[in-house]
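Down below is the structure, laid out as structure tokens.
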Amino acid sequence: MEAIEKSGIDELYNKLKSKEMQHLMKIHSEIRKALHLFFTKKMFYEISPVIVAPITDPLNHPVYKASVDYYGFPYGLTQSMIFHKQIALLSYDKVFIFSPNVRLEPVERGSTGRHLAEFTQVDIEMKDVTREHVMDLAEDMFIYTTKEVSETCKEDLEYFGRKLQIPGKPFRRYSYIDEKNRYGNDFDMILSKKEKNPFWIVDIPLMEREFYDREYENKEGILVDMDMYYPEGFGEAISGGEREYEYDKILTRISKKGQTEEQFKYYLEFAKKGLPRTAGFGIGVERLTRYITGFDRIEEVVPFPRIINKFSF
Ligand code: ASP
Ligand code: MG
């Protein structure tokens, strides 16, 4: 097993006392405020985050399991609130959560500059809307947030020499399969480095994604989902899509992914009773802060990062 090192206390102490961290904290805080305002103005209800639960996002890549046994019941730490936000729409048709996610990524991911073992995701979900609708909403959210922060944090951004471009709508779209054929496995990062504005990658193949994103009725093996990317090589910003909500289809999708009904039994009990038809997305707040401030690495932009390959205070 690869070792992880302990991060230095002196280094952290100095970082927290720096002028840089003061500017970063302000920008990060204004980003959160703008996101919050954006969704509440659009009549979304904010719900409390779920931090431990018997079921969480299975993710599409291996991570360390973070779970505890509570009087014989299994509680795992939330990797994303995908299932809870979908089920919350039994009550009201537009919700968002500032959701702490714990993803104990393997050490190799420490080198990407955009992964943390714990982060906050603004997770949103809406009832009876299409992917187009949530993509349009995400574009408005991005434009609103960058505009707000450019105004409220003018001097702070100047301190970092960062001038934000406010993109026009709609953002450019690329097909996952076409671009992968053209550029190979790193196609997304190649595009992210070439592009000057945020863009979308759409129609992701079924095996590249978790079982919960909806498969096209008329395009087998392709999902009605999307990722948004930042330009300038900052990489992935958003994941989202329409969701499977019909019990039988969910079972089929679980089995196509080689997963078991047992793994998702708590969710399936809800699905059997009937789930709303929903679409949504999640955006990482630290990644957005990194993009807005233009920093090299995500752990530089927040005071207490859970760094992938370092044991942190
Ligand atoms: N919650 C999902 C994730 O963490 C994003 C989404 O599809 O809404 O990837
Ligand atoms: Mg993703």
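Can you pull out the helices (runs of 4 or more DSSP H) entirely within the stretch 1-101 that have at least 3 residues that are crowded, with 18+ Cβ neighbours inside 10 Å?
The helices (runs of 4 or more DSSP H) meeting that bar are 19-41, 82-88.
For the stretch 268-281, enumerate the residues that are open to solvent by less than 10 Å² (accessible area, probe 1.4 Å) and either within 15 Å of ligand 1 (Cβ to nearest atom) or at pLDDT below 95 (or both).
Thr278, Ala279, Gly280, Phe281
Just checking, which of Gly284, Gly294 is out of contact with any helix residue (DSSP H, G or I) (no Cβ under 8 Å at 6 or more places or on another chain) and within 16 Å of ligand 1 (Cβ to nearest atom)? Full working, then the answer.
Values: Gly294 fails: within 16 Å of ligand 1 (Cβ to nearest atom).
Selected residue: Gly284, the only one of Gly284, Gly294 that is out of contact with any helix residue (DSSP H, G or I) (no Cβ under 8 Å at 6 or more places or on another chain) and within 16 Å of ligand 1 (Cβ to nearest atom).
Out of the residues in the stretch 197-214 meeting the condition of being within 12 Å of ligand 1 (Cβ to nearest atom) and under 30 Å from Thr293 (Cα atoms), tell me which one is least open to solvent (accessible area, probe 1.4 Å).
Among residues in the stretch 197-214 that are within 12 Å of ligand 1 (Cβ to nearest atom) and under 30 Å from Thr293 (Cα atoms), the one least open to solvent (accessible area, probe 1.4 Å) is Ile204.
Any chance you could count how many residues in the stretch 119-136 are outside any helix (DSSP H, G or I), within 16 Å of ligand 2 (Cβ to nearest atom) and either open to solvent by 40 Å² or more (accessible area, probe 1.4 Å) or among the β-branched types (Val, Ile, Thr) (or both)? Before you say what the answer is, go through the steps one by one.
In the first step, residues of the stretch 119-136 are kept if they are outside any helix (DSSP H, G or I); the result is 119-130.
So of that shortlist, the ones also within 16 Å of ligand 2 (Cβ to nearest atom) come out as 119-125.
This time we only want the ones that are either open to solvent by 40 Å² or more (accessible area, probe 1.4 Å) or among the β-branched types (Val, Ile, Thr) (or both), so: 120, 122, 124.
Summing the residues that are outside any helix (DSSP H, G or I), within 16 Å of ligand 2 (Cβ to nearest atom) and either open to solvent by 40 Å² or more (accessible area, probe 1.4 Å) or among the β-branched types (Val, Ile, Thr) (or both) in the stretch 119-136 gives 3.
Kindly evaluate Arg297 against the criterion of being at pLDDT 95 or above, under 18 Å from the mean Cα position of the chain (by Cα), of a type outside the set (S, T, N, Q) and open to solvent by 30 Å² or more (accessible area, probe 1.4 Å). Working first, answer last.
Numbers: at pLDDT 95 or above: yes; under 18 Å from the mean Cα position of the chain (by Cα): yes; of a type outside the set (S, T, N, Q): yes; open to solvent by 30 Å² or more (accessible area, probe 1.4 Å): yes.
Spelling it out, Arg297 is indeed at pLDDT 95 or above, under 18 Å from the mean Cα position of the chain (by Cα), of a type outside the set (S, T, N, Q) and open to solvent by 30 Å² or more (accessible area, probe 1.4 Å).
Could you please find all residues in the stretch 49-105 being of a type in the set (Asp, Glu) and either more than 18 Å from the chain's Cα centre (by Cα) or modelled with pLDDT of 95 or more (or both)?
Step one: filter the stretch 49-105 for residues of a type in the set (Asp, Glu), giving 57, 69, 93, 105.
Listed by number, the residues that qualify are Asp57, Asp69, Asp93.
So which of Phe39, Phe83, Phe44 is touching a strand residue (DSSP E or B) at 6+ places or on another chain (Cβ under 9 Å), closer than 26 Å to Val301 by Cα, in contact (Cβ under 8 Å) with a residue 60 or more places away in the chain and of a type in the set (Phe, Trp, Tyr)?
Values: Phe83 fails: closer than 26 Å to Val301 by Cα; Phe44 fails: closer than 26 Å to Val301 by Cα.
Answer to the check: Phe39.
Would you point out the residue of the stretch 233-258, among those that are within 16 Å of ligand 1 (Cβ to nearest atom) and in a loop (DSSP other than H, G, I, E, B), that is surrounded by the most Cβ atoms within 10 Å (Cβ to Cβ)? Outline the logic, then answer.
First, pick out the residues of the stretch 233-258 that are within 16 Å of ligand 1 (Cβ to nearest atom): 235-245, 250, 253, 257.
Narrowing further to those that are in a loop (DSSP other than H, G, I, E, B): 244-245, 257.
Details: Glu244: 25, Tyr245: 18, Lys257: 16.
Here the answer is Glu244.
For the structure I just gave you, tell me whether Glu108 is assigned to a helix (DSSP H, G or I) and at pLDDT 95 or above. Working first, answer last.
On the way: assigned to a helix (DSSP H, G or I): yes; at pLDDT 95 or above: no.
When the stated conditions are applied, Glu108 does not pass them.
Would you tally the residues in the stretch 51-99 being more than 15 Å from Tyr267 (Cα to Cα) and more than 16 Å from ligand 2 (Cβ to nearest atom)?
20
Considering only the stretch 215-232, how many residues are open to solvent by less than 20 Å² (accessible area, probe 1.4 Å) and without any contact (Cβ under 8 Å) to a residue 60 or more places away in the chain? Steps first, answer last, please.
The initial filter retains those residues of the stretch 215-232 that are open to solvent by less than 20 Å² (accessible area, probe 1.4 Å), namely 223-231.
Now restrict to residues that are without any contact (Cβ under 8 Å) to a residue 60 or more places away in the chain: 223, 227, 229, 231.
The number of residues fulfilling the criteria is 4.
Listed here are the residues, each with its yes/no results for (1) within 22 Å of Arg306 (Cβ to Cβ); (2) away from ligand 1 (no atom under 16 Å from the Cβ).
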| residue | (1), (2) |
| --- | --- |
| Lys17 | yes, yes |
| Ser29 | yes, yes |
| His36 | no, yes |
| Ile47 | no, no |
| Val52 | yes, yes |
| Gln79 | yes, no |
| Ile87 | no, no |
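Looking at (1) crowded, with 16+ Cβ neighbours inside 10 Å; (2) of a type in the set (Val, Ile, Thr); (3) farther than 18 Å from Gly240 by Cα, find the lone condition where Ile166 falls short.
Result: Ile166 fails condition (1) only.
Just wondering, is there one or more residues in the stretch 216-232 that are among the hydroxyl-bearing types (Ser, Thr, Tyr) and in a helix (DSSP H, G or I)? Full working, then the answer.
As a first pass, look at the stretch 216-232 and keep what is among the hydroxyl-bearing types (Ser, Thr, Tyr): 216, 229-230.
Cutting the leftovers down to in a helix (DSSP H, G or I) gives us none.
No, the conditions are met nowhere in the stretch 216-232.
Give me the pairs, please: first residue somewhere in the stretch 233-257 and away from ligand 2 (no atom under 16 Å from the Cβ), second residue anywhere and among the acidic types (Asp, Glu), beta-carbon distance under 6 Å, and either six or more positions apart or on two chains.
Ile250/Glu244; Arg253/Glu244
For the stretch 150-189: of the residues being in a helix (DSSP H, G or I) and touching a Gly at 6+ places or on another chain (Cβ under 8 Å), which is nearest to Lys219 (Cα to Cα)?
So the first thing to find is which residues in the stretch 150-189 are in a helix (DSSP H, G or I), and the list is 150-152, 154-159, 176-183, 187-189.
Checking the rest, the ones that are also touching a Gly at 6+ places or on another chain (Cβ under 8 Å) come to 188-189.
Numbers: Asp188: 22, Met189: 26 Å.
Residue satisfying both the conditions and the ranking: Asp188.
Being more than 30 Å from Thr146 (Cα to Cα), touching a helix residue (DSSP H, G or I) at 6+ places or on another chain (Cβ under 6 Å) and not hydrophobic (A, V, I, L, M, F, W, C) is the filter here, so list the residues in the stretch 228-260 that pass it.
Once the filter is applied, which keeps residues that are more than 30 Å from Thr146 (Cα to Cα), touching a helix residue (DSSP H, G or I) at 6+ places or on another chain (Cβ under 6 Å) and not hydrophobic (A, V, I, L, M, F, W, C), the stretch 228-260 yields Glu244, Tyr247.
The values are calculated or read from the model by the stated rules, or taken from the named source; none is laboratory data. Owing to the predicted nature of the structure, the values given are computational and were not obtained by experimental measurement. All Cβ positions, glycine included, derive from the backbone under ideal geometry; neighbour counts span all protein chains shown. We work out accessible area using only protein heavy atoms, side chains counted, and drop any ligands, DNA or RNA first. Shrake-Rupley method; radii C 1.70, N 1.55, O 1.52, S 1.80 Å.
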